[in-house]
1. Would you mind getting me the FRET efficiency between E313 and A155? Use the beta-carbon distance for r and R0 = 30 Å, nearest 0.05.
2. Putting +1 on Lys and Arg Cβ atoms and -1 on Asp and Glu Cβ atoms, find which of V81, P331, G201 reaches farthest to the positive end of the dipole of the chain.
3. Using a simple charge model, +1 on the beta-carbon of Lys and Arg, -1 on the beta-carbon of Asp and Glu, nothing else, what dipole does the stretch 1-73 show about its Cα centre, in debye to the nearest 20?
4. How long are the semi-axes of the equivalent ellipsoid of the stretch 266-354, taking √(5λ) for every eigenvalue λ of the Cα gyration tensor, in whole Å from largest down?
5. Straight distance only, please: which lysines reach the Cα of K241 with their own Cα at less than 16 Å, same-chain residues fewer than 8 apart left out?
6. Quick check: residue separation of S287 and A53 times 0.36 nm, minus the Cα distance between them. What number comes out in nm?
7. Please report, in debye to the nearest 20, how large the charge dipole of the stretch 255-354 is about its Cα centre when each Lys and Arg carries +1 at its beta carbon and each Asp and Glu carries -1 there.
8. Go ahead and run the numbers for FRET between V7 and A45, Cβ-Cβ distance against an R0 of 45 Å, rounding to 0.05.
Amino acid sequence: MNHHSFVYTSHPARVLFGQPALEVLRAEALKLGQRALVLSTPEQAALGEQAVAALGPTAVGLFSGAAMHVPVDGVDRAEQVVTALGPDMTVAIGGGSTIGLAKALSLRCGLPSLVVPTTYAGSEMTPIWGLTDARGKTTGRDLAVLPRTVIYDPALTLTLPQDVSAASGLNAIAHCVEALYAKDSNPIIALMAAEGIRTLGQGLRCIMIDPHDLTARADALVGAWLGGTVLGLASMALHHKLCHVLGGLYNLPHAQTHAAVLPHALHYNAAAAPDAARTVALALGHSSGPGALYDLAAEFKLLVALRDLGMPESGIETVVSATLASPYPNPAPLEADGLRTLLRRAYSGERPPA
Ligand code: NAD
């Protein structure tokens with residue numbers, strides 16, 4: 001990171017934090033449009049219905065078909081609903097998958113979105129879209145998909161199970177860690193990333209003790225906001241590349257894969273990015289950055305071995321080749337032997353060396 005010469009472009013955002021989302025929803029929606037289509041997953045359809053009720057005459061209906069990784073056939077079905085009901089905006093209530101659908105509809109139909117995140121993935125703060133078809137997942141950046149308004153209501157995250165909260169939170173920590181050593185990072189991004197790791201670490205630890213701790217839920221949500229913000233501002237490196245490849249090849253669970261890979265990715269980069277490793281250690285009150293991330297995942301009882309998440313052992317070579325074939329910029333040079341060692345450790349869930 002060059003502290004003395006950089007370009008910083010912030011993204012516009014209207015954020016309401018800590019207010020009851022369903023109470024403020026209608027007034028906020030009316031700042032963007034007159035006819036809102038509510039989006040949710042099938043699992044959160046009841047919450048989607050509550051949003052429709054809260055919007056009153058401003059809602060044109062609910063599409064509850066959002067799914068993980070934004071499959072293109074789901075977007076096709078949502079587009080048919082858009083054509084039938086004629087909304088002029090969307091209201092997405094849910095996690096990264098639901099917000100991802102709102103982004104796809106911004107791209108295809110030009111609809112602005114108001115989003116109410118209920119996980120810690122951070123998608124609400126990024127101009128990054130993703131779409132999955134038979135050939136795999138395609139992602140891109142486009143300011144047109146950046147949600148216009150975000151309402152963070154910690155009470156809506158109380159239902160997120162502890163293990164899902166932990167994995168989702170480590171996904172947000174991963175955004176912060178890679179933003180610390182991104183080629184286009186800068187002191188402002190680093191400040192947000194360090195604070196994101198600290199608040200998420202603190203919030204998640206308390207959530208693991210008591211999932212109904214609203215203050216802890218609010219801390220974690222602030223961390224998720226920061227994580228999403230830095231993900232949207234800085235380019236991601238080896239860790240996100242590995243997770244993208246693993247998810248695409250073996251359909252591994254998104255957030256859990258982040259939790260398992262992150263300590264090893266930071267270990268790989270620690271010599272080339274010592275300030276980042278120190279910042280992570282300090283933010284989590286530990287003597288080692290990679291060790292802190294590994295211990296956090298273990299403390300949260302997450303699966304830390306990729307083999308337990310569904311990766312075959314033969315995948316180690318496949319992932320090394322796929323990573324080297326189209327690498328992301330990374331502080332430590334990418335070379336096959338080092339990547340093989342990293343993946344072997346992550347595959348079996350070993351602790352990264354001190
Ligand atoms: P998710 O949106 O897939 O949600 C997982 C499940 O949890 C769903 O069934 C959902 O309905 C349920 N759920 C969500 N919130 C809940 C709550 N409060 N209580 C109970 N159940 C709840 O999970 P996610 O981890 O938020 O999102 C993952 C997806 O987001 C991936 O596809 C990932 O690629 C994407 N993502 C995108 C960005 C970006 O910037 N574009 C950033 C991070 C993640």
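Each reported figure results from applying straightforward, stated rules to the coordinates on display, with no laboratory input. All figures in this text were calculated on a predicted structure; none of them were measured in a lab. Cβ coordinates were reconstructed from backbone atoms using ideal geometry, including for glycine residues, and neighbour counts include every protein chain displayed.
1. Details: r = 43 Å, r/R0 = 1.45.
With R0 = 30 Å, the Cβ-Cβ based efficiency is 0.10.
2. Working it through, the farthest residue towards the positive pole turns out to be P331.
3. On the way: 4 positive and 5 negative charges, 63 e Å.
Using only the charged Cβ atoms, the result is roughly 300 debye.
4. On the way: eigenvalues 102, 69, 16 Å².
Ellipsoid half-lengths, sorted descending, are 23, 19, 9 Å.
5. Correct list for K241: K137, K183.
6. Working: separation 234, 0.36 × 234 = 84.24 nm, distance 5.02 nm.
That pair, S287 and A53, stretches by 79.2 nm at full extension.
7. On the way: 7 positive and 9 negative charges, 21 e Å.
It works out to roughly 100 debye.
8. Numbers: r = 43 Å, r/R0 = 0.96.
For R0 = 45 Å, the calculated efficiency reads 0.55.
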